[in-house]
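Participant: My questions will all concern the structure given below.
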Amino acid sequence: SVLINGAEKQKVYQRTLALSAGKRNGKARTSPIPAVVIRDDAAVSRAFTYKVSIPYEEWMEQAVLLLRSQECACHGRKGDIYEDKIADGLRLPKLRTSPWDAGTDVGFLSLVNFIRPAPDKDTLHCITGSIPYFDREEGREDGKQLGELSEEKQNFEIYYRLRDALRDVRRETGTELAKVRVTGYGAPMGNLKKNETNALIRALKLKEYLRENRLSGKALLEVDWIPEDWDSITSLVRGSDMMLKDATLDLIDNVEISKGRERMLMSLADGKPYRYLSEKIFPAVMRVDYRIEYTRKPLGAAESLQLLRNGKQRALRLNEFFAVAGSYPAGSTEYNDVLDLAARLFPDSPEANINAAAVALTKRDTKRARQYLERFATLPMA
């Protein structure tokens with residue numbers, strides 16, 4: 001069972017565990033211990049993988065699978081029981097009467113070798129994105145931009161944007177979040193030292209808010225703030241058609257910030273270039289960038305096959321395609337189709353193309369086999 005406790009109930013549960021420790025002379029408890037215990041929090045969305053294996057019996061093929069939720073009867077309220085049907089009839093693999101593809105020549109099948117790539121490791125993946133403070137195309141439902149909100153509401157908005165970005169990572173099977181890095185970028189407005197102090201405070205407040213709402217869970221959370229992002233300003237000015245662009249860039253490149261760069265820009269041509277910077281460039285610079293790093297463990301044949309059946313073949317790695325193919329007899333329709341699909345999705349992989357060529361050879365299709373092999377003709381395994 002899975003037990004979900006409210007804040008008070010969680011305290012009672014932990015106290016009960018502590019008081020019952022060491023009792024019964026080491027004998028097992030009579031009441032069952034839940035497999036998963038979670039403290040409920042309406043502000044946080046969580047996911048966990050929960051697997052149960054039971055021996056198969058014939059009647060199960062027509063069975064219905066129910067999820068039963070039982071509420072605790074607390075504070076005089078009646079505890080209801082809910083049942084949700086989550087599977088109607090179990091899909092079991094059918095035994096094939098003939099494992100061979102109609103076009104496969106059994107004699108040729110024994111003459112070709114199918115190869116496998118090196119085993120996958122828990123490789124690091126990352127997702128990057130940017131949340132602009134002022135975006136002409138995208139705003140909130142109330143019409144306000146992120147930069148027009150109070151600091152508290154900005155934190156709320158940033159949190160929900162990041163949570164949406166994390167949702168796809170957490171839904172993917174076998175992933176583990178490693179690090180969330182958030183970097184805010186500001187524009188030069190006023191005193192530099194004051195901007196630096198405000199940037200440090202801003203970063204600390206955002207990090208505290210994200211931590212309180214458990215955005216990254218146990219993963220590392222890093223929050224930085226760049227008070228004046230002159231690198232982005234320079235890049236945007238260089239790509240603009242603003243008046244006195246070269247003179248503006250010359251000042252930015254040769255006058256240090258602490259030596260009055262902003263003041264000199266204000267004095268240039270009666271402040272017209274600076275007004276352009278304030279209206280067009282500075283708002284485009286203000287943003288929050290994020291980088292989400294996670295690892296993904298290689299999936300087994302059963303999990304890979306499930307993703308393939310659900311149309312999520314692009315989420316699979318090459319090794320996982322080969323694992324699915326290996327669950328069928330060599331030369332069968334499924335075996336051939338999976339290897340052909342792997343070659344289309346991984347066109348630069350020698351292993352994928354060579355295996356697709358092997359499939360073509362078992363069907364006596366030498367023309368197609370040559371198309372797969374030509375790019376890799378110098379490799380001994382080809």
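Participant: In region 123-295, if the dipole is taken from +1 on Lys/Arg beta carbons and -1 on Asp/Glu beta carbons about the Cα centre, which of GLY129, LEU268, TYR160 is farthest to the positive end?
Facilitator: The listed residue farthest towards the positive side: TYR160.
Participant: Same structure, new question: Of ASN254, ASN198, ASN155, which is the most mobile in a GNM of the chain whose springs link Cα atoms less than 10 angstrom apart?
Facilitator: ASN254
Participant: Follow-up question, since we're still on this one. Please give every one of the aspartates and glutamates within straight-line cross-link reach of LYS51, meaning a C-alpha to C-alpha distance under 20 Å, and leave out same-chain neighbours fewer than 8 residues apart.
Facilitator: GLU61, GLU83, ASP84, ASP88, GLU172, GLU176, GLU303
Participant: Which value, in debye to the nearest 20, gives the size of the charge dipole of the chain about its Cα centre, when Lys and Arg are +1 and Asp and Glu are -1 at the Cβ? Don't skip to the answer; put the middle values down first.
Facilitator: Values: 61 positive and 55 negative charges, 274 e Å.
That gives the chain a dipole magnitude of about 1320 debye.
Participant: Let me ask something else. As a footprinting exposure proxy, order TYR160, TYR209, TYR133 by other Cβ within 10 Å, with the fewest listed first. Let's see the in-between values first.
Facilitator: On the way: TYR160 12, TYR209 18, TYR133 21.
Ordered by Cβ neighbours within 10 Å, fewest first: TYR160, TYR209, TYR133.
Participant: In addition: Taking the number of other C-beta atoms within 10 Å as the exposure measure, put TYR372, TYR13, TYR276 in order starting with the fewest.
Facilitator: Values: TYR372 23, TYR13 15, TYR276 19.
Starting with the residue having the fewest Cβ neighbours, the order is TYR13, TYR276, TYR372.
Participant: Then there's this: Just LEU66, LEU268, LEU251 to compare: in a GNM of the chain, with alpha carbon springs under 10 Å, which one fluctuates most?
Facilitator: It is LEU66.
Participant: Of the lysine pairs in region 124-216, how many meet both conditions: Cα atoms under 18 Å apart, and a spacing of 8 or more in sequence or different chains?
Facilitator: Working: LYS144/LYS153; LYS153/LYS205; LYS153/LYS207; LYS179/LYS207; LYS194/LYS205.
Lysine pairs satisfying the spacing and distance rule in region 124-216 number 5.
Participant: Additional query: Sort the following peptides by mean Cβ neighbour count (other Cβ atoms within 10 Å, averaged over residues), highest first: 73-79, 108-114.
Facilitator: Working: 73-79: 8.0, 108-114: 13.4.
Answer by packing, highest mean first, reads 108-114, 73-79.
Participant: Mind listing the Cα extents of the chain along all three principal axes, in Å, largest one first?
Facilitator: On the principal axes, the chain reaches 86, 75, 41 Å in Cα extent.
Participant: Continuing with this model, one more query. Would you mind pulling out the separation of the Cα centroids of region 210-262 and region 324-347, in Å?
Facilitator: Using only Cα atoms to place each centre, the spacing works out to 49 Å.
Participant: When only C-alpha pairs under 8 Å and at least 6 residues apart count, what is the relative contact order of the chain, in percent? Provide the component values of the computation, followed by the final result.
Facilitator: Working: 455 pairs, mean separation 75.2, N = 382.
This gives 20 percent for the chain.
Participant: For PHE322, PHE156, what ranking results if the residue with the fewest other Cβ atoms within 10 Å of its Cβ goes first?
Facilitator: Working: PHE322 23, PHE156 14.
Ordered by Cβ neighbours within 10 Å, fewest first: PHE156, PHE322.
Participant: Right, something else. Going by average Cβ density within 10 Å per residue, which order do the peptides 290-297, 52-59, 332-339, 33-40 take, highest to lowest?
Facilitator: Numbers: 290-297: 17.4, 52-59: 6.5, 332-339: 20.4, 33-40: 12.6.
Top of the packing list down: 332-339, 290-297, 33-40, 52-59.
Participant: In a GNM of the chain with a 10 Å cut-off on Cα contacts, which of ALA330, ALA219, ALA87 has the highest mean-square fluctuation?
Facilitator: Between ALA330, ALA219, ALA87, it is ALA87 that shows the largest mean-square fluctuation.
Participant: Could you name the aspartates and glutamates in cross-link range of LYS245, using Cα to Cα under 19 Å and dropping any fewer than eight places away on the same chain?
Facilitator: By straight Cα distance, LYS245 reaches ASP229, ASP231, ASP253, GLU256, GLU262, ASP270, GLU279.
Since every read-out is calculated from the coordinates, none of them should be taken as a lab result. Predicted model only: the values in this text are computed from it and were never measured. Cβ atoms come from the backbone with ideal geometry, glycine included; neighbour counts cover every protein chain shown.
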